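See below for the structure under consideration.
Readers should treat all values here as calculations from the given coordinates under stated rules, not as data from a laboratory. Predicted, not measured: the structure shown is a model, and the values here were computed from it. Cβ placement follows ideal geometry from the backbone for every residue including glycine, while neighbour counts extend to all protein chains displayed.
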Amino acid sequence: MRKQVLNEWGLKADPLFLAAGPCSAESEEQVLETAKALAEAGVSFLRAGIWKPRTRPGSFEGVGPEGLVWLERARAETGLKIGTEVAEPAHVEACLEHRLDVLWIGARTTTNPFSVQAIADALKGTDIPVFVKNPMSADVALWMGAVERLANAGLTRLGAIHRGVSSSLEMRYRNAPAWKMPIELMRCMPDLPMICDPSHICGKAGLIPAIAQEAMDLLFDGLMIEVHPNPPEALSDAAQQLTPKQFSELIDGLQLPHEKS
Ligand code: PEP
Ligand code: MN
């Protein structure tokens, strides 16, 4: 049912909805190379961060609007849908100008209702699909509130992305999987497509397959995974990005719920 909704939005969701691409758009070549590899893997949309909300200043903060031109070129050359993260109304305006197919709100932005409301206001009158990542903390009401703000602005093509929650405790994962949180959201908003982002949960490439499989077992509708042609050289989130080949192997190795006996 939720997958059918994604299909109706023009986003391929069978057998699985897959958003993949680099954490950050870094150069036109990097975006095109990744897009070509992912078009062969049949993903639902190419993701790439254009404006990067970094926790500390001084690290790479994204290439800005120039990257939207690279994404448009990637779409023209591969036929892939394109999507990026928006954190403020100016980002929304730029994305609408370049006719992006999908937007998402990042974990740091979901945490701030004023920012979410400003984005919702900037999106009024459109019906572009928007995915909302969970906030940094395990606060389901804050997550739900962000979805409601977008719905109240008249948007109907809404989904959620679970990317784990930040913790001060030493742990195996960069962000705790905290599965109860997305399960609670699915219970409260049963028609909302729910995607898992194992890349930001894990923080390390090697942990991703097990978390991705767990999301499938919990009946998530799809995955968002960071893919880079040369992960060690990535300007952000280097340790958690997969090569296109690793990504294809991961997807081929997943057992989907209907395949399980
Ligand atoms: C990202 O998708 O690259 C990102 C910054 O994710 P999050 O908002 O989940 O930290
Ligand atoms: Mn990232």
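What number, rounded to the nearest 500 deg cm²/dmol, is the helix-based mean residue ellipticity at 222 nm of the chain, given -39500 (n - 2.57) per DSSP H run of at least four residues and division by all its residues? Please report the intermediate quantities before stating the final value.
Working: 11 runs with 105 residues, N = 261.
Mean residue ellipticity at 222 nm (helix-derived): -11500 deg cm²/dmol.
Mind putting together the pair-distance distribution for segment 31-186? All Cα pairs, 10 Å bins, whole percent per bin, short to long.
Reading the bins upward from 0: 11, 37, 36, 16, 0.
If the cut-off is 16 Å between C-alpha atoms, which lysines fall inside it for Lys52, apart from same-chain ones fewer than 8 positions away?
Answer for Lys52, where 16 Å is the Cα cut-off: Lys133, listed by chain and number.
For a protection proxy built on the mean count of beta-carbon atoms within 10 angstrom, sort 166-173, 28-35, 205-212, 57-64 highest first, please.
Peptide ranking by packing, descending: 28-35, 205-212, 57-64, 166-173.
I'd like the distance between the alpha-carbon centres of segment 30-57 and segment 92-138, rounded to an integer number of Å.
17
Among Asp127, Asp221, which comes first, second and so on when ranked by fewest other beta-carbon atoms within 10 Å?
Ordered from fewest to most neighbouring Cβ atoms within 10 Å, Asp127, Asp221 come out as Asp127, Asp221.
Below 13 Å, Cα to Cα, which aspartates and glutamates can Lys12 reach? Residues fewer than 8 away in the same chain don't count.
Straight-line reach from Lys12, under 13 Å: Asp101, Asp221.
Return the percentage of antiparallel bridges among DSSP beta bridges fully within the chain, rounded to the nearest 5 %.
Around 5 percent antiparallel, to the nearest 5.
For the chain, modelled as a Gaussian network with Cα springs under 10 Å, which listed residue fluctuates most, Trp104, Trp51, Trp179?
Of Trp104, Trp51, Trp179, the most mobile in the Gaussian network model is Trp179.
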